[in-house]
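In what follows, a single structure is set out as structure tokens and then discussed.
The values are calculated or read from the model by the stated rules, or taken from the named source; none is laboratory data. These numbers come from a predicted model, not from an experiment. Cβ sites come from the backbone with ideal geometry, for glycine too, and all protein chains shown count toward neighbours. We work out accessible area using only protein heavy atoms, side chains counted, and drop any ligands, DNA or RNA first. Shrake-Rupley method; radii C 1.70, N 1.55, O 1.52, S 1.80 Å.
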Amino acid sequence: MMSHLRSAFEDPNQKFDAHYRCYPASMMPGEKGVNVNYGGKEMHVANCLVILPPSALEKLSRLNVSYPMLFEFENAAAEKRTHGGVLEFIAEEGRVYFPYWMMSTLDLEPGDIVHVINTDISQGSFVKLQPQSVNFLDISDHRAVLESALRNFSTLTRNDIFEILYNGEIFRIKVIDVQPDDSRGVVSVIETDLVVDFETPVGYEEHLQEKEKERVASIKGTMVNRIKYKDLVKQGQASTMMGTGSKLNGKQVKEQDPSEIDNLNNLEEQECPAPLNLPIGTYFFGYPYKPPAGSEEDVPEKQPHTFHGAGTSLRASRNVEKGRGKKTSSGLKNDPINVDA
Amino acid sequence: MIIRFRSRMGMSRAEFQPTDTLQMLKDYVLFNVLKNQYTPENVSLCKDESDMGTPCSQVDEKTLQAAGVTHGNMIFLRLGSPRELPASTPVPPGKEGVAEVEISKDNALSATNSSNVASAHVAQDNIDDALELQDGLIPRSATPFCRHGPKGMCDYCSPLEPYDENYQRENKIKHMSFHSYLRKVNSNVNKYASTQSFIPPLEEPYFKVKEKCPSGHPPWPLGICSKCQPSTIMMNLQPFRIIDHVEFASPSIVDSFLNAWRRTGFQRIGYTYGHYEPYTAVPLGTKAVVEAIYEPPQVSEADGVTLEEWPEEALVDRVAAACGLRRVGIIYTDLTDDGSATGKVLCKRHADSYFLSSLEVYNSAHFQSKFPNPSKWSQSGFFGSKFVTSVISGNPNGEIEVTSYQVSNVATSLFKADLIQPSIDPDRMLVKREDKSRYVPDVLYRYIDEYKKQVSKNAKPAFPVSFLLVTLTDGFPEESKPMFAKHDTSLPITIETADETGRLRQLAKLFDHDAVKNGSLSNFPIILLLAQLSILKEDDMEVFAKYAMSPTEENEKNLNTRESYQTLLAVLYSSL
């Protein structure tokens, strides 16, 4: 507020330089909040536009600033900065409203102080983007979506993760690289032709693996069902453990969980495995998988420590020397030689 | 002057004059050396071992001097038909089972098996005949214990018999080769240098109740006696293996076979076609060289594969025979991706689980009894089988690997007697229950129990599959010389998917002279497809296959004289 008052008397060639308390746009009084976050049609607002107080406009109008007005926002405490334009000058004095993603980029909590500086930013020619989730790949026409989404942006800053809303879904996209590259790593995207390149989305590898797993799972076990292998395993179990148990208190005995038959150890326990009567020339490989002994999954468990423990004495020892001597002798009570010594 | 004669019958020498004619020498050989046991056509006079010589029937009236025979010369006598090769050269592929070898008591052959006189006239595979002529002795170098000169020999350095136990232990040979085993058994049964009696040393196990029991009781199941009932079956590890090694002529044979799994994730099965050769890594060893894999009609699934009816079985075997190949075994994939997306596969088959599942052993026993190995040393005329089973699965490092097995003779006999049955546990085989159709003798197996004691256990109802397995080695040659230039296991996709006329056009393109030089025809599925057109005559198939595999001018000339080949060319070119 002090800075705001002082700025009224500054000369026109100086920069706009002010500190404000920041709040997310959703905390704005009125209905605009959502739109500032993700862009709304009727207002045509953009994603990296902030809402400044009217005094800022008053001050800016007295300075030599280039249009469109672009600002650098800095969180001095966290040494983080990003860039953006201004949407309206309707905020309460001393406050600035940010889209939520900008606040998280700057590592700001609502009510923190943010440093706002008016700045010039060169027109961008190239950006490289990395979607932060693989569901970005589900969009059929990336070009159209990005064109309409980036229309709402005025600047792109390297390493920012911005959000766009499409089809009711929020997509987070990171800016990997910008050209031309000034030291700040920021370009203006207003009225420019932009070449856009994409990095593989975060989690793409895992996504592929999951797809592969799904594929493997989908082709798995056609024969296993056809020859009713699991039923045969159960049948073998039935023949080894015939009959049921009953309890004296009349409660039901727990039945064996049928899902347990999926391991080979169980098969080995069967005295007489069921025959697998298939015609000659039929090869079946769907037996339960048993990893080789050397692998990690099969590390033998440590032998439980039986009859291990430490002796303790109720009586506190008089001195350290004696106490130590006592402990040894009590620990090895069965060793007569030691006791004598 | 003295002239020496060397033959399978041994050495002899005779006095001749330089003015004597070759005719006189021939007569001497036939009547004095060979005791008139050979017709002149079957005896060739050769200057050295590699020389094919001239048959005695074609000897002219030259004098010995004119023929260049001087004092002390050695003349080799090649006996039998001149086409028969000496034991030291490998057998040409694909001729197995053609020549009927008759060995009678009189012309007992080389020194080691002079007493081995087979009673039956069995057409053995050529490889077996060739290996029988080798002595198979394992040479040893001089030891510190030797107290003789460099040309001397003593107990410490004399060559070992091929079945020497110490040698096997030192070289970690788990199963000795079949021919080593045969020598061992034969030396126990038949005495050296006695040509009077011959007992076939080998016997295939027979587990059925003997029919026509001489003791006069009603036939089984009404009556049984100790003479006709099969004795207790004791399962041991088979000490020998008929085939020692499986060699894939080129890695791309297996690679191309794997493509089906790589594309779909479904398992695949195929028959391996190849030939047999001596395997020098073990004494008297035999290896099966796989030249092609043929994929018969089948239903592939992710966890299994089923062979379907194969109407073209006879045709494929015939075409393979024309290429000089025969069915040597079966190969299938058991591959499951481990899900790490690094191309690794699960290691399903290892010492703790199983190597061949009971079902696979059962199938292999079927195939091995379908393709028996003719042997004149066996009472039945057959002994074991040369059919091998190769599995492509993951090794403990997750890599794709081929391992080959045979099942033991006991396994095939159990299968033939219908005594075993695969179980749902891959590691255990069931012994069937006795009923009216089969008599089940006691089946025992020995193992070392938890107290490190050897115990025998009744194999009923189930016993470990490993008792029926014989492990083979396998690999690729250091210098691959595959018969076929191309190793596709299925037809190229352009031909496979084309319609009838398109297919003819595609085939015609392959007959372009330059393309043939590049081996466009040297591909088993292509040769097979051409055979399926049934334009080429059966007799011409062999000439054609020869040309396809080695397109030399001589082979081409041979082929061009064949009428059916010209018809084939005319049909193909008309489609262009």
Practice prompt. Among the residues of the stretch B:312-329, write down those that are without any contact (Cβ under 8 Å) to a residue 60 or more places away in the chain and either more than 29 Å from A:G286 (Cβ to Cβ) or open to solvent by less than 10 Å² (accessible area, probe 1.4 Å) (or both).
Written response: B:A314, B:D317
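Taking the conditions exactly as written (in contact (Cβ under 8 Å) with a residue 60 or more places away in the chain, out of contact with any Gly (no Cβ under 8 Å at 6 or more places or on another chain), outside the structural domain of B:L182 (by TED's automatic domain parsing) and hydroxyl-bearing (S, T, Y)), does B:S408 satisfy them or not?
So B:S408 does not fit the description; no.
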Worksheet item: For the stretch B:341-372, how many residues are hydrophobic (A, V, I, L, M, F, W, C) and more than 26 Å from the chain's Cα centre (by Cα)?
Response: 5
Worksheet item: Residues in the stretch B:355-374: is at least one within 10 Å of chain A (Cβ to nearest Cβ), at pLDDT 90 or above and in a loop (DSSP other than H, G, I, E, B)?
Response: yes
Worksheet, complete the sentence: Across the stretch B:330-351, the tally of residues that are on the phi > 0 side of the Ramachandran plot and either open to solvent by less than 10 Å² (accessible area, probe 1.4 Å) or more than 8 Å from chain A (Cβ to nearest Cβ) (or both) stands at 1
Response to the item:
B:D60 passes all but one of the listed conditions (1) open to solvent by 90 Å² or more (accessible area, probe 1.4 Å); (2) in contact with a Leu (Cβ under 8 Å, 6 or more places away or on another chain); the exception is number (1)
Worksheet item: Can you tell me which residues in the stretch B:1-22 are closer than 20 Å to B:H71 by Cβ, without any contact (Cβ under 8 Å) to a residue 60 or more places away in the chain and open to solvent by less than 70 Å² (accessible area, probe 1.4 Å)?
Response: B:S12, B:A14, B:F16, B:P18, B:D20, B:T21, B:L22
Item to complete: Inspect the stretch B:563-575 for any residue being closer than 30 Å to B:L237 by Cα and small (G, A, S) and give the result as yes or no.
Response: no
Worksheet item: Can we say B:V431 is within 27 Å of the chain's Cα centre (by Cα) and aliphatic (A, V, I, L, M)?
Response: no
Practice prompt. Count, please, the residues in the stretch A:264-316 that happen to be within 30 Å of B:K432 (Cβ to Cβ), more than 10 Å from every other protein chain (Cβ to nearest Cβ) and at pLDDT 80 or above.
Written response: 0
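Do you know which residues across the stretch B:559-572 are free of Cβ contacts under 8 Å to residues at least 60 places away in the same chain and either crowded, with 17+ Cβ neighbours inside 10 Å or under 18 Å from B:A321 (Cβ atoms) (or both)?
B:L559, B:R562, B:S564, B:Y565, B:L568
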Practice prompt. Sort through B:P214, B:P219, B:P278 and tell me the only one that's within 20 Å of B:Q379 (Cα to Cα) and not β-branched (V, I, T).
Written response: B:P214
Discussion item. Checking B:E399 against (1) within 14 Å of chain A (Cβ to nearest Cβ); (2) open to solvent by less than 10 Å² (accessible area, probe 1.4 Å): exactly one of these is not met. Which one?
Written reply: (2)
Worksheet, complete the sentence: Note on B:S226: of the conditions (1) surrounded by 12 or more Cβ atoms within 10 Å (Cβ to Cβ); (2) modelled with pLDDT under 90, unmet is (1)
Item to complete: Could you please find all residues in the stretch B:256-293 being in contact with a Ser or Thr (Cβ under 6 Å, 6 or more places away or on another chain), within 14 Å of chain A (Cβ to nearest Cβ) and open to solvent by 10 Å² or more (accessible area, probe 1.4 Å)?
Response: B:W261, B:F266, B:R268
Discussion item. Checking the conditions here, which among B:S340, B:S375, B:S353, B:S385 is outside the structural domain of B:V407 (by TED's automatic domain parsing) and either within 21 Å of B:L472 (Cα to Cα) or touching a helix residue (DSSP H, G or I) at 6+ places or on another chain (Cβ under 9 Å) (or both)?
Written reply: B:S353
Practice prompt. Report whether or not B:K344 is charged (D, E, K, R), within 17 Å of A:P291 (Cβ to Cβ) and in contact (Cβ under 8 Å) with a residue 40 or more places away in the chain.
Written response: yes
Worksheet item: Does B:S390 satisfy the condition of being open to solvent by less than 60 Å² (accessible area, probe 1.4 Å) and within 10 Å of chain A (Cβ to nearest Cβ)?
Response: no
Worksheet entry | Residues of the stretch B:119-162 that turn out to be open to solvent by 30 Å² or more (accessible area, probe 1.4 Å) and among the charged types (D, E, K, R), as a count | 6
